[in-house]
Amino acid sequence: MPNIERLKVISEILKFVIVGITNVVVYFAMVYFFFRILGLNPVIANGVAYFVASIYSYMMNSFITFKLSFSFFKLFKFTVASIFLSLLASLITKLTLFFGYEYAVSMLFIIFGLPFFSFFIHKYWSLK
């Protein structure tokens with residue numbers, strides 16, 4: 001891979017990480033708003049917050065990380081990929097607990113493993 005292409009990918013990864021961190025803040029803010037302020041059922045509050053955070057993540061990654069224009073089809077693929085990644089995070093947690101490890105261990109796998117997998121899924125499939 002030429003140096004310029006390598007720098008582009010590194011730049012995209014760094015932007016993706018920053019968007020991911022801000023997305024977690026958006027998600028927690030939405031959960032707090034829907035659950036604590038509006039008093040919605042926690043399952044509904046979590047689902048709606050996840051949906052809002054997915055749209056935020058799509059917009060930020062599309063426009064800032066990968067510099068793409070808006071597309072409903074790409075938004076749909078991004079949401080499908082996000083749901084898949086969420087289910088994968090749940091599976092990682094389930095397996096970690098099944099094998100007798102602390103919940104915090106699964107969080108480490110998720111925090112340090114899924115973002116890289118997520119980056120490539122979004123770069124080469126959902127935002128393609």
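The values are calculated or read from the model by the stated rules, or taken from the named source; none is laboratory data. On a predicted model such as this, the values are computed, not experimentally measured, just so you know. Heads up, the Cβs are rebuilt from the backbone with ideal geometry, glycines too, and the neighbour counts pull from every protein chain shown.
Return the pairs, sorted by first residue and then second, in which the second residue is in a helix (DSSP H, G or I) and of a type in the set (Val, Ile, Thr), the first residue lies in the range 75-87 and is under 11 Å from Leu127 (Cα atoms) and without any contact (Cβ under 8 Å) to a residue 60 or more places away in the chain, the beta carbons are less than 7 Å apart, and the residues are 6+ apart or on different chains.
Close Cβ pairs (under 7 Å, with a partner that is in a helix (DSSP H, G or I) and of a type in the set (Val, Ile, Thr)) amount to Ala81/Ile121.
Of these, Phe112, Phe51, Phe34, Phe116, which one is part of a helix (DSSP H, G or I), at pLDDT 90 or above and of a type outside the set (Val, Ile, Thr)? Walk me through how you get there before you give the answer.
Numbers: Phe112 fails: at pLDDT 90 or above; Phe51 fails: at pLDDT 90 or above; Phe116 fails: at pLDDT 90 or above.
Answer to the check: Phe34.
Considering each of Tyr124, Tyr56 in turn, give the residue that is under 13 Å from the mean Cα position of the chain (by Cα), in a helix (DSSP H, G or I) and within 19 Å of Val17 (Cα to Cα).
Numbers: Tyr124 fails: under 13 Å from the mean Cα position of the chain (by Cα).
Tyr56 is the lone residue from the list that is under 13 Å from the mean Cα position of the chain (by Cα), in a helix (DSSP H, G or I) and within 19 Å of Val17 (Cα to Cα).
If you check Phe70, Phe76, which single one turns out to be of a type outside the set (Gly, Ala, Ser) and either crowded, with 18+ Cβ neighbours inside 10 Å or modelled with pLDDT under 90 (or both)? Write out each step before concluding.
Details: Phe76 fails: either crowded, with 18+ Cβ neighbours inside 10 Å or modelled with pLDDT under 90 (or both).
After applying the criteria, what remains is Phe70.
Pairs needed: first member in the range 15-39, surrounded by 12 or more Cβ atoms within 10 Å (Cβ to Cβ); second member anywhere, not in a helix (DSSP H, G or I); C-beta distance under 7 Å; at least 6 residues apart or different chains.
Phe34/Leu40
Residue-wise test of (1) of a type in the set (D, E, K, R); (2) without any contact (Cβ under 8 Å) to a residue 40 or more places away in the chain; (3) more than 16 Å from Val24 (Cβ to Cβ); (4) touching a strand residue (DSSP E or B) at 6+ places or on another chain (Cβ under 6 Å).
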site	(1), (2), (3), (4)
Asn61	no, no, no, no
Leu68	no, no, yes, no
Ser90	no, yes, yes, no
Leu97	no, yes, yes, no
Gly100	no, yes, yes, no
Tyr103	no, yes, yes, no
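State all residues of the range 88-101 that are part of a helix (DSSP H, G or I) and hydroxyl-bearing (Ser, Thr, Tyr); if no residue qualifies, say none.
We begin by selecting, within the range 88-101, every residue part of a helix (DSSP H, G or I); these are 88-98.
Ser90, Thr93, Thr96, listed by residue number.
Please determine, by comparing only the residues of the range 40-52 that are more than 15 Å from the chain's Cα centre (by Cα) and surrounded by 17 or more Cβ atoms within 10 Å (Cβ to Cβ), which one is farthest from Phe76 (Cα to Cα).
Here is the first cut: in the range 40-52, the residues more than 15 Å from the chain's Cα centre (by Cα) are 40-45.
Those left that are additionally surrounded by 17 or more Cβ atoms within 10 Å (Cβ to Cβ): 40, 45.
On the way: Leu40: 25, Ala45: 21 Å.
Ranking the candidates gives Leu40 first.
If only one of Ala104, Ala45 is more than 23 Å from Val9 (Cβ to Cβ), in contact with a Leu (Cβ under 9 Å, 6 or more places away or on another chain), at pLDDT below 90 and assigned to a helix (DSSP H, G or I), which one is it?
Criteria check complete, one pass: Ala45.
Would you mind telling me which numbered condition in (1) of a type in the set (A, V, I, L, M); (2) at pLDDT 90 or above; (3) part of a loop (DSSP other than H, G, I, E, B) Leu40 fails?
(2)
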